[in-house]
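Since the structure comes first, as structure tokens, the remarks are kept for the end.
The values are calculated or read from the model by the stated rules, or taken from the named source; none is laboratory data. Treat the numbers as computed from the prediction; the structure is a model and nothing was measured. With ideal geometry, Cβ positions are generated from the backbone for all residues, glycine too; neighbour counts draw on all protein chains shown.
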Amino acid sequence: MKVPFLDLKAQYNSIKDEVMPAIQNVIENTAFVLGKPVFDFEAAFAQEHSVKHCLGVSAGTDGNHVVLWGLGVGYGDEVIMPANTFIATAWGATLNGAKPVFVDCDPESYNIDPAKIEAAITPNTKAIVAVHLYGQPADMDAIKAVADKHNIPVAEDAAQAHFAEYKGKRIGGLGKAASFSFYPGKNLGAYGEGGAVTTNDDELAKMFKMIRDHGADEKYNHEVFGHNYRMEGIQGAVLGVKLKHLNDWTEGRRRVAAKYRELLSDINQIKLPKETDYAKHVYHLFVIQVKNENSDNRSEKRDELQKFLGENEIASGLHYPIPLHLQPCFKDLGYKKGDFPASEELAEQGISVPMYPELTDEQIKFVSDKIHDFFS
Ligand SMILES: *Cc1c(COP(=O)(O)O)cnc(C)c1O
């Protein structure tokens, strides 16, 4: 049985009749950039996240850039973020000329450890970015308590966490601003690149809107510096259709996660992801850790499992094999191996198994059986 890592074709087939006319409509109206489908999607997406403003942008990475730009982050500033995230979180800082400052994650939630933030704060700290990694919200109240004490804004990188909930409330409006990604493989994916920024702050929303469109408040009047980060019409139309299915798809992901839990909990060589009591996890990824405490090469067992799954036609992924503080591009920042043990352990031992709403019980059972086979 072949189990892909995700199956976008299955999803397309289930919404073909809705999505094709929506795309055709954009083309017939030649509304290729921004336009009604984008604005309608923005309004619906904002409402779903109980946040006042949503602005569609060209990618999640661009959203990371826009959020920190709008918050006034610039040259010489520092931005605190977890060491274990996708590189694009850090581009939000570097594209603004700021320096990323990394903090280790909590070994249970895999999100930034709020207890370790304060030690990273300096007079140059201009923002903290909380990433809702793998679809589980970071502990926003604890993060905001530290941030408020030092008067530093908190931004959410919600690229993996559409519809996730923190203490019963959807993410996206929990900090000063948030950025989302609609990369095709994300929980809500466009048919190309896409992203969004959200905020409850009217002034910030105005700023984001200008930055997205050449710094203009009206055509050819450029109030501030900006860029072209506009969302395409076709992406807005596709996302508008897909948003209506996201509740079902999210419940589908949670069903898959529950099934994996049921079938894998008896293997004591692996650590399953923990869903914290304050979170509704939306399982962008289901990352298990292959424990290998007594080895100099801690990733060895994980790599063997990945190879074994591959031989059985089961796709898997690593998210992410090199934490940000050990990336070659950041070597000048002076971090070294051992600085962030929980992030390094996750990088060396973590493996993502197939996760998407269309996974069948048979496929989940097959993946789980093969993992059992590997350990027995
Ligand atoms: C995917 C992702 C991004 C970047 O989004 P793109 O749309 O691919 O540019 C940013 N942050 C995190 C945590 C992501 O997973």
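Observations on the model:
- Of the set (1) more than 17 Å from the chain's Cα centre (by Cα); (2) within 25 Å of Gly60 (Cα to Cα); (3) surrounded by 17 or more Cβ atoms within 10 Å (Cβ to Cβ), all apply to Glu251 but (3).
- When Tyr134, Tyr183 are screened for being within 10 Å of the ligand (Cβ to nearest atom) and within 20 Å of Pro323 (Cβ to Cβ), only Tyr134 passes.
- Tyr110 vs. criteria in contact with a helix residue (DSSP H, G or I) (Cβ under 8 Å, 6 or more places away or on another chain), under 25 Å from Pro273 (Cβ atoms), touching a residue at least 40 places away in the same chain (Cβ under 8 Å) and of a type outside the set (Val, Ile, Thr): yes
- Verdict on Glu293 being assigned to a helix (DSSP H, G or I) and acidic (Asp, Glu): no
- Flag if Asp277 is outside any helix (DSSP H, G or I), out of contact with any Pro (no Cβ under 7 Å at 6 or more places or on another chain) and free of Cβ contacts under 8 Å to residues at least 24 places away in the same chain: yes
- Counted residues, the stretch 85-95 - those being in a loop (DSSP other than H, G, I, E, B), more than 10 Å from the ligand (Cβ to nearest atom) and buried (at least 24 other Cβ atoms within 10 Å of the Cβ): 0
- None of Gly192, Gly173 is at pLDDT 95 or above, assigned to a loop (DSSP other than H, G, I, E, B) and more than 14 Å from the ligand (Cβ to nearest atom) except Gly173.
- A single member of Phe286, Phe340, Phe330, Phe366 is of a type in the set (Phe, Trp, Tyr) and more than 30 Å from Met140 (Cα to Cα), and it is Phe366.
- Residue match in the stretch 197-207 (condition: part of a strand (DSSP E or B), at pLDDT 95 or above, more than 16 Å from the ligand (Cβ to nearest atom) and farther than 17 Å from Ala22 by Cα): yes
- Residue in the stretch 131-139 that is in a strand (DSSP E or B), under 13 Å from the mean Cα position of the chain (by Cα) and outside the structural domain of Leu346 (by TED's automatic domain parsing) present: yes
- Qualifying residues in the stretch 40-84 (those that are more than 23 Å from Gly135 (Cβ to Cβ) and among the hydrophobic types (A, V, I, L, M, F, W, C)) - the one farthest from the ligand (Cβ to nearest atom): Ala43
- Total residues in the stretch 296-328 satisfying the condition of being part of a loop (DSSP other than H, G, I, E, B), of a type in the set (A, V, I, L, M) and within 23 Å of Gln363 (Cα to Cα): the figure is 2.
- When we screen Phe340, Phe374, Phe308 for residues that are within 25 Å of Ala119 (Cα to Cα), touching a helix residue (DSSP H, G or I) at 6+ places or on another chain (Cβ under 8 Å) and modelled with pLDDT of 95 or more, the only hit is Phe340.
- Of the residues making up the stretch 255-274, those that are within 21 Å of Asn111 (Cβ to Cβ), in contact (Cβ under 8 Å) with a residue 24 or more places away in the chain and either surrounded by fewer than 17 Cβ atoms within 10 Å (Cβ to Cβ) or hydroxyl-bearing (Ser, Thr, Tyr) (or both) are Tyr260, Lys274.
- If the condition is being within 15 Å of the ligand (Cβ to nearest atom), charged (D, E, K, R) and touching a residue at least 60 places away in the same chain (Cβ under 8 Å), then the stretch 137-170 contributes only Asp157.
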